[in-house]
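Since the structure comes first, as structure tokens, the remarks are kept for the end.
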Amino acid sequence: MKKIWKWLRTNLINKKMIIPTLIGEIIFWGDLIALAILSLFKPSLWAVFGSVYFIQVTILPAIPIQLGIIFFINKIINKMKKTSQ
């Protein structure tokens with residue numbers, strides 16, 4: 001557990017990863033956010049929202065997908081910084 005916490009502190013929980021983490025979470029949960037907003041205006045979409053939520057939360061391996069998105073976005077940001085210098 002100490003190794004996992006140390007890895008998280010050095011690679012994920014730091015100042016330079018705040019923006020990629022926020023963007024990655026919005027990308028991962030964006031479909032549910034959009035469906036929730038749309039279902040406020042059209043109540044028949046609550047069934048679609050429930051099924052997508054069930055699939056996304058219970059079936060998909062959420063944490064590895066989120067970490068992959070976050071690190072992919074971080075690599076893109078780092079490449080953009082290198083090319084601008």
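Details
- Among residues of region 30-85, those that are modelled with pLDDT of 85 or more and polar (S, T, N, Q), counted: 7
- Single condition Gly30 does not satisfy, out of (1) exposed (fewer than 10 other Cβ atoms within 10 Å of the Cβ); (2) small (Gly, Ala, Ser); (3) within 15 Å of the chain's Cα centre (by Cα): (1)
- Taking the criterion of being small (Gly, Ala, Ser) and surrounded by 11 or more Cβ atoms within 10 Å (Cβ to Cβ), the residues of region 39-85 that qualify are Ser39, Gly50, Ser51, Ala62, Gly68.
Conditions tested, residue by residue: (1) outside any helix (DSSP H, G or I); (2) polar (S, T, N, Q); (3) under 30 Å from Thr10 (Cβ atoms).
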position: Glu25; (1), (2), (3): no, no, yes
position: Leu38; (1), (2), (3): no, no, no
position: Ala47; (1), (2), (3): no, no, no
position: Thr58; (1), (2), (3): no, yes, no
position: Lys81; (1), (2), (3): no, no, yes
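The values are calculated or read from the model by the stated rules, or taken from the named source; none is laboratory data. None of the values given here were measured: they were computed from a predicted structure. Positions of Cβ are generated from backbone atoms using ideal geometry, with glycine treated the same way; all protein chains shown enter the neighbour counts.
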